[in-house]
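Worksheet: one structure, shown below.
The values are calculated or read from the model by the stated rules, or taken from the named source; none is laboratory data. Just so you know, these numbers come straight off a predicted model, no measurement behind them. Note that we place each Cβ from the backbone using ideal geometry, even for glycine, and neighbour counts take in every protein chain shown. Just the protein is used for accessible areas: all its heavy atoms, side chains included, with ligands, DNA and RNA removed. Shrake-Rupley method; radii C 1.70, N 1.55, O 1.52, S 1.80 Å.
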Amino acid sequence: MKFRINLSGLLFSILILTSFVTIPATSLSQEITSPEKFFDFQMGADRKLARWDKIVDYYNLLEQESNKMKVVNMGPSSEENPFLIVIISSPENLKNLARLQKIDQSLADPRGIPQDTISAYIEEGKAVIFQSMSLHASEVGGTQMAPELAYDLLTRDDEETKRILDNVLFFMVPCLNPDGQVMITDWYNETVGTEYEGLNMPYLYHKYSGHDNNRDGDFLNLPESKYMAKAMYIDWPPQAYIDHHQMGSYGARFYVPPYSDPIRPYADPLVWREMSWYGAHIAYKLEEEGFQGVLNAAQYSGWGHFGWHWITPFHNIAGMLTESAGVNLATPVYVHPEQLRANVRMFPEYEAQLTFPNPWPGGWWHLRDIVAQKKSAAWSLLDLAARNKETVLTTAYMKASNQTQRGTDGKIKTLIIPVKQHDFLTSVKMVNILLQSGIEIKKANSDFILDDKNYEKGSYIISLAQPKMGLIMNLLTETHYPDNSWTQENDGSPARPYDLTTHTMYEFMGVTINESGSDAEGDFSILKEQEKIKGIIGEGELGYVLDGRQNAAFKAVNILLKEGVKVSRLDNKFDQFLPGDFIITGGNNSREIVKKVATETGVDFNPMPTGISKDEIHPVTQHRVGLFQRYYGGNIDEGWTRLCFENFSFPYSTLMSEKIKEGNLIKNYEVIIIPDDSPEMITGDFGKNSRIDPKEYPEKYRSGIGEEGTEAIKRFVEDGGTLVTLGDSYEFAVETFGLKVRNSIEGLGRNEFFCPGSTIKVNVDNSLPLAYGMPEEAYVLFDSSPVFEVEASRFNADYKTVVRYQDKNLLKSGWLIGEKNIAKKSAMLTTKYGKGKIVLIGFRTQHRDQTDGTFKLLFNTIIQ
């Protein structure tokens, strides 16, 4: 009998309980199949990789053979592969999941529960531990290790294993990126035994995000992220979590917790102590078992991106990371002693130190070495939690209580998301993201007053007096990266942070939030499910008007255009309607289509007033878009751009180098977009010092438009096309078209200018069609972005600044040194060339499909 479950959007918590059927012990196989027998090789064997479909079959077989394991299929991945969570525990625990889940959720949010009940829960409950594997698909060791870990837990009969099964509910995510696992395995098998064996895959190992799937623990844009959030943030909040990764081949053999400084603010201090506790046990057991080259409390800081292991501390989970020294996929590497190096945070030399007492001397390094060390670390986490179950559960309760009290006592007690927003539907989108993270949000059933401000019915209220106070503070209040000895190099210059220096969601999305030092009182209801806004349809005999300030209006327009509905755009203010608002003609004849679109997008269809003349509008067409894509590992920015376009129903075509070289681009495209990239990656003109050698790749995976493609793009613009460059790809445009534009911060040292991943204040000229629908003042995400300065020439009038950095006090959140170097400079420029135009966008306009507040600046290049 099999009990696989496909959630298809239903509750994980309900299904794993209602579908559970006890398998009588007498019906179980006498022997549990080993991974070596099933796959016909030892996990981690040289030049062998188990593929995801076979791995899925193995877990389903184990579920048949053992009453200590359940397989939960959370649903399809981005490319329709099953996303599994495997639950391993004692048969008694698996029979009692409903009760244990109630205890787990109560300890994660103990508000209103009597202390004697809490004490009973701690005694009765079980430690909930999550571990995930191979999020980055090229880091194959975790997923190859997981079947062996499961087999050991199901077959070992010693006291240590029994204690783990009795005291722990182990939720294992055997592959957090199933699609990439299939891609990498197929790529490796295609190249093994050839001159390309062990070479990195030439395209993204996730359909949209590539390596950036570990930057989606906050916005939850990917299906895989939504599954993880549901499991960890909502249904089964764990006390501890490890995400197993791999790193470069020439440093330490294995990084284990804890992190090094700096740490991000607002987490409960206990969570950092837990990481040290777990990490010490993991490191000790590794040394005890004879592993060399183990490093902890170095290299990876406690202030990183908001992927899974770095965001979980703010969910009161001891979120941790392991990083194994990598191999060439499944091909071993030989490392000479002189090639071993350190020179990373808190690990200055490859010599013995307190956190690295046993250096590895060099030699052959195999995938099996990675499997063995990861299995040891994974087991040690389970072992420590099992030995100290009551301490683990007590700490979970304390963290939740402490954070709730900090929210009660803090200067900021309440956050309000008013109904009145520049883009209301984006504010609702943000609320729905936060709900997926388990944040408690209330909605006002009537108007209310707070701090002498009137708030309308429908406003959202977030109290800081809740267990996830730290997450709320990081996502929804202004944050600043530390500027101190932890974030500086030895010479005093700023050290590059691991990722962005802020993850302030409301600033990225352009949502207004008001802070209050008081508790809000009124007729409020706690949101129990996602908000679904249905657009209001007025009586539009002449037609309808859509608010061009709403990002969702672009999705509505794209759907309408596909249905053949005529759309125009307003160029001047008319009554309450603004330049950039969309005019839908056809009136009640289009009502059925309008009803469908209003329901799907939430956009209001306002009645079109009389008196709008043809001179005040221009027709909208759905421009044909070519989105440039390359090989050499793929371009993550291109992948996220595709996801952004698909989410808003923008049609586009992938434009590869060979297609560009064919020429006559104007026949098939009106707009060509080049994502953030270097000129050499675009053209394929790699110099001697380039990190890319095209000859290392099979010929079919060598990309670059060359001189032929460069000339084709030049002719495309001359013939009337629009070229849009994002980020550093502006250099290609400047060189190709001879633009009188320079990057004003190029060549500046870090002490002169430094701004890695911060929100910066800008002014927007929303009288220009490229900025229709934008507010006059906004925040943009600046991540070492180019800053444009038009060089004096007789062509000055050909250039227009769409977005300009403000004159002072530019930083909103993050880290900025040397603001004078960008003050009053251009952030987004456009210029005409021949019959066409070129648009340069320097900042991160659609970064990771997260910066909704600036999406319209990209969308307007397509719909004008």
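Dipole orientation for the chain: of the candidates VAL787, PRO110, THR621, THR621 has the Cα lying most toward the positive pole (charges on Cβ; Lys, Arg +1; Asp, Glu -1). For LYS695, the lysines whose Cα falls under 23 Å of its own Cα, not counting residues fewer than eight places away in the same chain, are LYS659, LYS661.
Normalised per residue, the accessible area of the stretch 223-356 is 31 Å², obtained with a 1.4 Å probe and no contribution from ligands, DNA or RNA.
For GLU456 and ASN490, a Förster radius of 56 Å and the Cβ-Cβ distance give a FRET efficiency of 0.55, rounded to the nearest 0.05. Across the options TYR652, ILE666, GLY634, the greatest Cα extent toward the positive end of the charge dipole of the stretch 586-669 (unit charges at beta carbon of Lys, Arg, Asp, Glu) belongs to ILE666.
Projected label points at SER613 and ARG591, each 7 Å from Cα along the beta carbon direction, are separated by 3.2 nanometres. Take the Cβ atoms of GLU478 and ARG111, set R0 to 22 Å, and the FRET efficiency comes out at 0.25.
List residues of the stretch 117-134, by number, whose backbone nitrogen lies under 19 Å from a label position 7 Å along Cα→C-beta of THR394. Answer for the stretch 117-134: 117-128. State which entries of LYS468/LYS856; LYS399/LYS812; LYS714/LYS740; LYS399/LYS468 exceed 20 angstrom in Cα-Cα distance in the structure shown. Beyond 20 Å between Cα atoms: LYS468/LYS856; LYS399/LYS812. Length gained on full extension, ASP798 to ASP158: 222.6 nm, using 0.36 nm per residue less the C-alpha separation. For the stretch 510-570 versus the stretch 407-472, the spacing of their alpha-carbon centroids is 18 Å. When the solvent-accessible area of the stretch 634-707 is split by element, carbon and sulfur atoms take up 42 percent of it, the probe being 1.4 Å. Applied to the stretch 689-697, the Karplus parametrisation 6.51 cos²θ - 1.76 cosθ + 1.60 on θ = phi - 60° returns per-residue 3J(HN,Hα) values of 8, 5, 6, 9, 10, x, 5, 6, 9 Hz, with x for Gly and Pro. Across the chain, the relative contact order, built from alpha-carbon pairs under 8 Å that are at least six residues apart, equals 10 percent. The packing ranking of peptides 113-123, 450-460, highest mean first, is 450-460, 113-123, where packing means the average number of other beta carbon atoms within 10 angstrom of each residue. In whole Å, what is the distance between the alpha-carbon centres of the stretch 803-858 and the stretch 135-180? Cα centres, the stretch 803-858 to the stretch 135-180: 45 Å. Given the chain, what percent of its DSSP beta bridges are antiparallel, to the nearest 5? Just about 65 percent of them are antiparallel.
Only lysines eight or more places from LYS207 in sequence, or on another chain, were considered; those with a Cα closer than 18 Å are LYS226.
The label point for LYS411 and the one for HIS366, both projected 7 Å from the Cα toward the Cβ, are 5.8 nm apart. When you restrict to C-alpha pairs under 8 Å that are six or more residues apart and normalise by the size of the stretch 738-864, the relative contact order lands at 30 percent. Residues whose amide H falls under 5 Å from that of GLN864, counting only those 5 or more places apart or on a different chain, are THR621, with hydrogens built in the peptide plane.
Under 12 Å from a label point set 7 Å out along the Cα-to-Cβ vector of GLN292, the amide N atoms of the stretch 342-376 belong to 358-365.
On full extension, the segment bounded by THR621 and LYS700 gains 24.9 nm, given 0.36 nm per residue less the C-alpha separation. As a length-normalised measure over Cα pairs under 8 Å and 6 or more apart, the relative contact order of the stretch 754-808 settles at 44 percent.
Ranking ILE370, GLY586, LEU726 by Cα position along the charge dipole of the chain, where only Lys, Arg, Asp and Glu carry charges on their C-beta atoms, puts GLY586 farthest toward the positive end.
Assuming charge only on the beta carbon of Lys and Arg (+1) and of Asp and Glu (-1), the dipole of the chain about its Cα centre is about 1260 debye to the nearest 20. Applying the Karplus relation 6.51 cos²θ - 1.76 cosθ + 1.60 with θ = phi - 60° to the stretch 554-563 yields 3J(HN,Hα) values of 5, 5, 4, 5, 4, 5, 4, 4, 5, 7 Hz, where x marks Gly and Pro.
With R₀ fixed at 22 Å, the C-beta to C-beta distance from GLU31 to LYS95 puts the FRET efficiency at about 0.40. When TRP277, TRP379, TRP308 are compared by accessible area of protein heavy atoms, the largest-first order is TRP277, TRP379, TRP308, using a 1.4 Å probe. Could you please state how large a percent of the accessible area of the stretch 141-190 is carbon and sulfur, counting protein chains only and using a 1.4 Å probe? Carbon and sulfur together cover 41 percent of it.
Would you work out what percent of the accessible area of the stretch 407-541, with all protein chains in place, is carbon or sulfur (probe 1.4 Å)? Carbon and sulfur atoms account for 45 percent of the accessible area of the stretch 407-541. For the pair GLU79 and ILE449 in one chain, pulling the backbone fully straight at 0.36 nm per residue adds 128.4 nm over the alpha carbon distance.
Here the spin labels are modelled as points 7 Å beyond Cα on the Cα-Cβ line, and at HIS336 and LYS54 they lie 3.6 nm apart. For the cross-link pairs LYS453/LYS532; LYS420/LYS595; LYS596/LYS835, the ones whose C-alpha atoms lie over 29 Å apart are LYS596/LYS835.
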